[in-house]
Amino acid sequence: MDAKSRKFLTDLLQTPSPSGFEQPAQRIIKKYLQNHADRISTDVHGNTVAAINPQGSPRIMLAGHVDQIGFMIRYISDDGFLHFAPIGGIDPSVVPGLVLQIHTAKGIVHGVVGRKPIHQMKPEERKKAQLELSDLWLDIGAKDKNQAESRVAVGDPITYRLGVTELDGDLIASPGTDDKVGAYVVMETLKTLANASRKLQAAVFAVATVQEELGLRGARTSCFDLDPQVGIAVDVTHAADYPGADKKQTGNIVLGGGPAISIGPNINQVLGHLLQESARAKKIPYQPEAQPSATPTDANVIQINRAGVASALVSVPNRYMHTPVEVVHIKDIDNTVKLLAETVIKINKKTDFVPK
C-alpha cells in the first residue's frame, strides 16, 4: 500500500459514516477517484458509484458498504444528560466508560458514557445478565437541558471516537473497519483497473453502498439500478486467531492469511472458482470460508436482484467486530485488491456464469 492509498484508507476510517449519515465518507471517496473513474455519481439513497468502461460487457458491480455502526441522540433530559439508541448492531457491554463523538451541524461534540458506579449497585443489579443501552447515558458536561440543546440536537448521530491505531506486524485497529476497508478495496480495485496495462473488457461499477448495517439497503437499491450480470461484495469476516475463539463455528480464518473467499449457496460456483483460480495463478494468499446459508452481507441482495446475478463474497479478516478496536491486517487489504483486480480483468462477454 503506497502512501496515497494509505492516506485514503486512514481518511476513510477517521471520517464519520453511521448508517444513514454516510456522505462525509462518500465525499472522501469521490475526491480520491475523481481522476481515475470515467464517471462518479451519487444516487438518491446515498450510494456512491464510480465507473470505468461503462459501455463494456458484462456489467460488474463491486460493492463495499461504507456505513458503520453508531448511535443517535433520542432524548435530552432536564438535567442535560443525553440518552441514545443504537444504529446497527451494538454490544452494550463495550460501551460504558467510552468517549463518544457526537456529529452535530456545528461540528464534533465529545461526551463520556456514564452508568451507576458498581459501588452503588444493588446485588440484583450487579448480577444482571445483560447490560442494556437504556442503563447508560452520555455526559457532555451540560448543566441543564437548555445548555445541552445549545450544543447538540435530538437525531444527531454518534460514533465511537474515530482514529487509527497502528499495532505491530502491519496491523491497525480502528472503529469502522467494518466495512470501510471494503469500500476502500472496491475503490482501490477500480483505480488499479483504470491504470492497468491489460485491456479491460467488462464495465466495472465500484459502489460504496449505504445502510448495510440496517438490512443491506443500499446494495439492494444500487444493484437494481445498475442491473449487473456479475456482483462481488467485499466485507469483513470474523478472524479466529484470538483466545477463546471457536473455530468450529467460524472456521480457521486468521489475520495475515489473505482474503477469505466464501463458498456456499450465496456464491455463484463459476465466479467462486474463478476467484480461487486467480489467487492461485498470481500466488495471492487466500482462505476458503464455508458459508452454508445466505450471507448477512451485500452479496445476499446482489445475488437475488431482478432475474439473478452471479455473486461472490470476498472478506477481509477482522478481530473484535463491532467494537471500537476492530483489528485488520494491511497485507490482507492489499491482497484483496490484487485478487479482485486479477479476477475482473479476466472476465469478458464470453465468460459463462451458468452453473454446469
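What the table below lists for this structure:
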read-out: Qualifying residue in segment 55-69 (condition: assigned to a strand (DSSP E or B), open to solvent by less than 30 Å² (accessible area, probe 1.4 Å), more than 30 Å from T343 (Cα to Cα) and touching an Asp or Glu at 6+ places or on another chain (Cβ under 9 Å)); value: no
read-out: Subset of segment 112-164 that is touching a helix residue (DSSP H, G or I) at 6+ places or on another chain (Cβ under 6 Å) and at pLDDT 90 or above - its residue that is farthest from F21 (Cα to Cα); value: A142
read-out: Matching entry among K338, K356, K331 (being among the charged types (D, E, K, R), part of a loop (DSSP other than H, G, I, E, B) and open to solvent by 10 Å² or more (accessible area, probe 1.4 Å)); value: K356
read-out: Yes/no for I172 being under 17 Å from P324 (Cα atoms), outside any loop (DSSP other than H, G, I, E, B) and under 20 Å from the mean Cα position of the chain (by Cα); value: yes
read-out: Contacts under 9 angstrom Cβ, first residue in segment 210-227 being open to solvent by less than 20 Å² (accessible area, probe 1.4 Å), partner of a type in the set (A, V, I, L, M, F, W, C) and at pLDDT below 95, 6 or more apart; value: none
read-out: Meets criteria (in a loop (DSSP other than H, G, I, E, B), open to solvent by less than 60 Å² (accessible area, probe 1.4 Å), touching an Asp or Glu at 6+ places or on another chain (Cβ under 9 Å) and hydrophobic (A, V, I, L, M, F, W, C)) for A142; value: yes
read-out: Filtered residues of segment 29-49 (kept if closer than 16 Å to L9 by Cβ and aliphatic (A, V, I, L, M)); value: I29, L33
read-out: Qualifying residue in segment 184-198 (condition: part of a loop (DSSP other than H, G, I, E, B), touching a Ser or Thr at 6+ places or on another chain (Cβ under 8 Å) and crowded, with 20+ Cβ neighbours inside 10 Å); value: no
read-out: Filter result for the condition that a residue is modelled with pLDDT of 95 or more, farther than 30 Å from E149 by Cα and either surrounded by fewer than 18 Cβ atoms within 10 Å (Cβ to Cβ) or not hydroxyl-bearing (S, T, Y) (or both), over I87, I73, I40; value: I40
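The values are calculated or read from the model by the stated rules, or taken from the named source; none is laboratory data. From a predicted model like this one, the values you see are computed outputs, not experimental measurements. Please note: Cβ atoms are built from the backbone with ideal geometry, for glycine as well, and neighbour counts cover all protein chains shown. In case anyone asks, the SASA skips ligands and DNA or RNA and just uses the protein heavy atoms, side chains included. Shrake-Rupley method; radii C 1.70, N 1.55, O 1.52, S 1.80 Å.
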